[in-house]
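In what follows, a single structure is set out as structure tokens and then discussed.
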Amino acid sequence: MDVLYTAESLSTGEGRNGHVVAGDLDLDVAVPKEMGGSGNGTNPEQLFAAGYAACFHSALHAVARGHKVKLEDSSVGGRVQIGPNGQGGYQLAVLLEVVLPGVEHDLAQQLADEAHQVCPYSNATRGNIDVTVTVSDD
């Protein structure tokens with residue numbers, strides 16, 4: 001792979017209950033209450049959801065430009081779920097909700113499907129994590 005960019009981060013403390021620094025991001029992380037933690041901080045799943053949604057949204061705009069479709073007020077919501085994998089560890093699942101106001105539903109679905117093929121996060125997770133992409137009209 002020809003590297004175009006390298007992102008760096010540093011995690012200190014106790015991992016999921018600690019601190020992360022990456023670029024302008026400098027924050028405490030904490031295990032969510034649902035998993036027995038304090039919930040007093042951002043957790044890694046929220047960071048992954050934010051990164052995936054932003055990356056997918058960028059891929060969506062690139063695909064739309066290729067089809068000469070102008071997107072206005074578009075959004076991508078990301079949800080990352082975590083649960084036991086049945087083998088003593090944990091696994092993730094991702095739900096992405098795409099909203100493309102003013103774009104006919106079938107075309108919006110086509111653009112979302114194509115974005116899912118080019119998004120680096122989608123390519124990295126394919127075959128490892130269940131990812132569901134839904135186009136919503138609102």
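Only a single item in (1) under 23 Å from A50 (Cβ atoms); (2) surrounded by 15 or more Cβ atoms within 10 Å (Cβ to Cβ) is not met by S75, and it is number (2). Residues in the range 18-30 that are under 17 Å from E45 (Cβ atoms) and open to solvent by 20 Å² or more (accessible area, probe 1.4 Å): 6 in all.
Among the residues examined, D106 does not qualify as in a loop (DSSP other than H, G, I, E, B), over 22 Å from P44 (Cα atoms) and either open to solvent by less than 80 Å² (accessible area, probe 1.4 Å) or at pLDDT 95 or above (or both). Checking each residue of the range 96-109 against the condition of being under 15 Å from R79 (Cα atoms) and of a type in the set (D, E) gives at least one match.
Entry remark, the range 38-58: residues being closer than 26 Å to E97 by Cβ and either in a loop (DSSP other than H, G, I, E, B) or among the acidic types (D, E) (or both) number 4 in total.
The values are calculated or read from the model by the stated rules, or taken from the named source; none is laboratory data. Every value quoted in this text rests on a predicted model; they were computed, and no experiment measured them. Cβ sites come from the backbone with ideal geometry, for glycine too, and all protein chains shown count toward neighbours. These accessible areas exclude ligands, DNA and RNA; they are computed on the full protein's heavy atoms, side chains included. Shrake-Rupley method; radii C 1.70, N 1.55, O 1.52, S 1.80 Å.
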